[in-house]
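**Q** Dropping a structure here in structure tokens format, bear with me for questions.
The values are calculated or read from the model by the stated rules, or taken from the named source; none is laboratory data. Note that the coordinates shown come from a computational prediction; the quantities given were computed from them, not determined experimentally. Every residue, glycine among them, receives a Cβ derived from its backbone with ideal geometry; neighbour counts consider all protein chains shown.
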Ligand code: GLU
């Protein structure tokens, strides 16, 4: 059997990290089995679809390594509308579906106050087709539907508990359950690997496969992704858009490694591993069926580890879009001609150990490229207190007298300025740092002063001094 899997997102907004996880699992499974990965955009809900959302999905997939041109598709569900209708009619012709014009209220009135599902009212009433009449699938009265699921064993559903569900609406349009099955048939999908949220649909869909006379696929329902409160990740409450992580400066390599840890782990207690290791070690059958915790804090730390592991030239290359404002959501605060790649290269290794996401590179180095630093006023108020003016005066004089503008002499000199006032180096550094960089935290001070240079450092110390009483 040729393995053919598909990823079938609905373009109804942002691209969910849980979707990205399922896409990667499908992708790896296909490669391991020498199979084919198909991308199908489920765009039949016209009111909720927009072309730019489809484009968003394609570029998000690209970003995590599922590149355009390397898979079959994208196909669009809307292109198969005729086949969906034909399948609905085939089921009607076979006597496996019947028309029904009951409103929910009518069913409710018959079954009691709470709507518990359809009561089968039109099962044997032979209502013909007509405007406003939905087609319902006639589920078997007896027996069980056993779903073969690579992750969950054999979830079994009693057929009599499955209501006669709608397969085509009153306007004739087939519903998702049927369209999705028909597409999988057309695309000869052998394995449906998708999120656990769809498990309740599966017995219904399997019954459709059987009724249409085609062998159902093998299923694998991968775990739901939850937040720290064990709630399903929701776009209203949680940061779920893959794009948001990209925009903040998560590395694609870190992101896809982390996504693969949702419900699975490589051998030997490792978490950070090369993609090739994941590709060879991942086993769909080993995915834990329990909800998977998407831990944003852990992902952040994980990304920091990935950043630190980059060779410095690659780190510089990864920073470049942020520093030049190319393809990032936030342009840097300096003008393009103010950016100095050599100055950046001189501090890159220092910055690399300090950031967890790429966007943080900008506030760490902006003091190097702006004519005057962006002053964090809270930091200024906290640092430029009594004694700061006099300390800056002393630092200016001492720095002016330096013969060599380098880290060691700068440090020794400032240490001495502090010692004369009974201050430890940390306390002495603080006003100098705020004067020069505008912030209380950042790259190591003396290395920063060396790269900034004598003239600019002194000019900033003098400018800060002028601001003080
Ligand atoms: N379009 C469905 C979704 O985005 C996918 C259903 C499936 O994978 O079968 O949830």
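**Q** Quick one: would you say residue 73 is out of contact with any helix residue (DSSP H, G or I) (no Cβ under 8 Å at 6 or more places or on another chain), within 16 Å of the ligand (Cβ to nearest atom) and closer than 27 Å to residue 280 by Cβ?
**A** Details: out of contact with any helix residue (DSSP H, G or I) (no Cβ under 8 Å at 6 or more places or on another chain): yes; within 16 Å of the ligand (Cβ to nearest atom): yes; closer than 27 Å to residue 280 by Cβ: yes.
Judged against the criteria, residue 73 is a match.
**Q** Which condition number does residue 252 fail, the rest of (1) within 25 Å of residue 19 (Cβ to Cβ); (2) modelled with pLDDT under 95 being met?
**A** Of everything listed in (1) within 25 Å of residue 19 (Cβ to Cβ); (2) modelled with pLDDT under 95, residue 252 misses just condition (2).
**Q** Pairs under 7 Å by beta carbon, first residue closer than 16 Å to residue 259 by Cβ in the stretch 300-311, partner part of a helix (DSSP H, G or I), six or more apart or different chains?
**A** Hits for this filter: 302/254; 302/258; 303/254; 306/253; 306/254.
**Q** Tell me the helices (runs of 4 or more DSSP H) entirely within the stretch 280-355 that contain at least 1 residues that are over 22 Å from the mean Cα position of the chain (by Cα). Write out each step before concluding.
**A** Numbers: elements: 296-309, 312-324, 341-352.
Per the criteria, 312-324, 341-352.
**Q** If residue 30 satisfies all but one of (1) surrounded by 14 or more Cβ atoms within 10 Å (Cβ to Cβ); (2) farther than 28 Å from residue 292 by Cα, what's the number of the condition it fails?
**A** Against the list (1) surrounded by 14 or more Cβ atoms within 10 Å (Cβ to Cβ); (2) farther than 28 Å from residue 292 by Cα, residue 30 comes up short only on (2).
**Q** Within the stretch 13-21, is there a residue that is touching a residue at least 12 places away in the same chain (Cβ under 8 Å), over 15 Å from the mean Cα position of the chain (by Cα) and surrounded by 22 or more Cβ atoms within 10 Å (Cβ to Cβ)?
**A** No - not one qualifying residue is present in the stretch 13-21.
**Q** Identify, please: which residue in the stretch 21-44 is touching a helix residue (DSSP H, G or I) at 6+ places or on another chain (Cβ under 8 Å) and within 12 Å of the ligand (Cβ to nearest atom) and is, among those, modelled with the lowest pLDDT?
**A** By that ranking, first place goes to 44.
**Q** Name, by its number, the condition in (1) within 28 Å of residue 9 (Cβ to Cβ); (2) out of contact with any strand residue (DSSP E or B) (no Cβ under 9 Å at 6 or more places or on another chain) that does not hold for residue 160.
**A** (1)
**Q** Which one is surrounded by the most Cβ atoms within 10 Å (Cβ to Cβ) among residues in the stretch 334-365 that are in contact (Cβ under 8 Å) with a residue 40 or more places away in the chain and out of contact with any helix residue (DSSP H, G or I) (no Cβ under 7 Å at 6 or more places or on another chain)?
**A** Among them, the one singled out is 363.
**Q** Which one is farthest from residue 92 (Cα to Cα) among residues in the stretch 184-223 that are away from the ligand (no atom under 13 Å from the Cβ) and touching a strand residue (DSSP E or B) at 6+ places or on another chain (Cβ under 7 Å)?
**A** Applying the filter and picking the extreme gives 223.
**Q** Among (1) farther than 30 Å from residue 333 by Cα; (2) under 38 Å from the mean Cα position of the chain (by Cα), where does residue 374 come up short?
**A** (1)
**Q** Give the stretch 1-10 a look and list any residue that's assigned to a loop (DSSP other than H, G, I, E, B) and more than 9 Å from the ligand (Cβ to nearest atom), or say none. Steps first, please.
**A** Here is the first cut: in the stretch 1-10, the residues assigned to a loop (DSSP other than H, G, I, E, B) are 1-3, 8-10.
Hits for the stretch 1-10 are 1, 2, 3.
**Q** Among the candidates 192, 182, single out the residue that is at negative phi, part of a strand (DSSP E or B) and touching a residue at least 24 places away in the same chain (Cβ under 8 Å).
**A** 192
**Q** Inside the stretch 158-172, can you point out the residues that are touching a helix residue (DSSP H, G or I) at 6+ places or on another chain (Cβ under 8 Å) and assigned to a loop (DSSP other than H, G, I, E, B)?
**A** Residues satisfying the conditions are 162, 165, 172.
**Q** Among the numbered criteria (1) buried (at least 19 other Cβ atoms within 10 Å of the Cβ); (2) over 20 Å from residue 20 (Cβ atoms), which one does residue 242 miss?
**A** All conditions are met except number (2).
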